[in-house]
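To keep things clear, I will list the structure first and then write my remarks on it.
The values are calculated or read from the model by the stated rules, or taken from the named source; none is laboratory data. Small disclaimer: the values here were computed from a predicted structure and weren't measured. Here the Cβ is made from the backbone with ideal geometry for all residues, glycine too, and neighbour counts use every protein chain on show. To get the accessible areas, we keep the full protein, side chains included, count just its heavy atoms, and leave off ligands, DNA and RNA. Shrake-Rupley method; radii C 1.70, N 1.55, O 1.52, S 1.80 Å.
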Amino acid sequence: MRHRGVSPRGRGGRTRAAVPIVKRLIIAITGASGVIYGVRALEIVRALAGLETHLILSPSAARTIAEETDYPIERVRALGDQVYSHKDIGAAIASGSYRTEGMLIAPCSVKTLSGVANCFDDELVVRAADVCLKERRRVVLLFRETPLHAGHIALMAQATRNGAIVMPPVPGFYHRPQSVDDIVTQTVGRALDLFGIDAHVVKRWKDTDAAASAAMSSRPTGAARSRSLR
């Protein structure tokens, strides 16, 4: 990964060592249906300079990845710059002093939503989210469940009061998607927008045709994503 260094002058005119500037984004994949959202987020962010991913995979996520995709679990792990055990509550991202841009949980299961809403920090996914919220960092939950009962709605409301953004991955169709891949990529791009990350994959409403075409053409293809893992 490329880093941008700065060399400020210290006292006495001495030059300090260059400090790499790297933004960190935590991405958690839980066991809800829709694991492709988390995988696609990892693929997109991997192509961005100056941004590294800190990945947590729940045990249920590993099973859902095997059920819903053709990705070997090792390949998904390889997409993360740092990978943590879901049980490692002593990990760097479990502390507020470890600075990050925030956390994306994609997809977010009902169990994880409940943990975030109730601050039940029994494992790293919820602990990392709780840390981000107490530090007033962005937490985006791609809550993947339908239909909803009153308990689900109450949990979403409480998570929102805690500071999280609940973003069910409900697709828009104004961008005229031609495939499921188009829908997934658009949704993930919009989720990254919430962190101030423009990955140039979103076809935006009322954008000029040229800008929209540039966004679509800049998306990594399957072959390009495969090459990035070699």
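Starting from the Cα-Cα distance between Gln178 and Ala154, subtract it from 0.36 nm times their residue separation and give me the gain in nm to one decimal. Present the calculation step by step, with values, prior to reporting the outcome.
Details: separation 24, 0.36 × 24 = 8.64 nm, distance 3.54 nm.
This chain segment gains 5.1 nm when fully extended.
Shown in residue order for region 132-149 are the 3J(HN,Hα) couplings computed by the Karplus curve 6.51 cos²θ - 1.76 cosθ + 1.60 at θ = phi - 60°: 4, 5, 5, 8, 6, 9, 6, 10, 10, 10, 7, 6, 10, 8, 6, x, 10, 9 Hz (x for Gly and Pro). Per residue, region 108-217 exposes 52 Å² of accessible surface when a 1.4 Å probe is rolled over the protein heavy atoms with every protein chain present.
Would you please give the FRET efficiency between Thr69 and Arg204, computed as 1/(1 + (r/R0)^6) with r the Cβ-Cβ distance and R0 = 22 Å, to the nearest 0.05?
Given R0 = 22 Å and the Cβ-Cβ separation, E is 0.20.
Mind scanning Lys23/Lys206; Lys23/Lys134; Lys111/Lys134; Lys87/Lys111 and naming the pairs with a C-alpha gap bigger than 25 Å?
Exceeds cut-off: Lys23/Lys206.
Here the spin labels are modelled as points 7 Å beyond Cα on the Cα-Cβ line, and at Phe120 and Gln82 they lie 2.7 nm apart.
With both bridge residues required to lie in region 27-152, what share of the DSSP beta bridges run antiparallel, to the nearest 5%?
Working: 0 of 13 bridges.
The antiparallel proportion sits near 0 percent.
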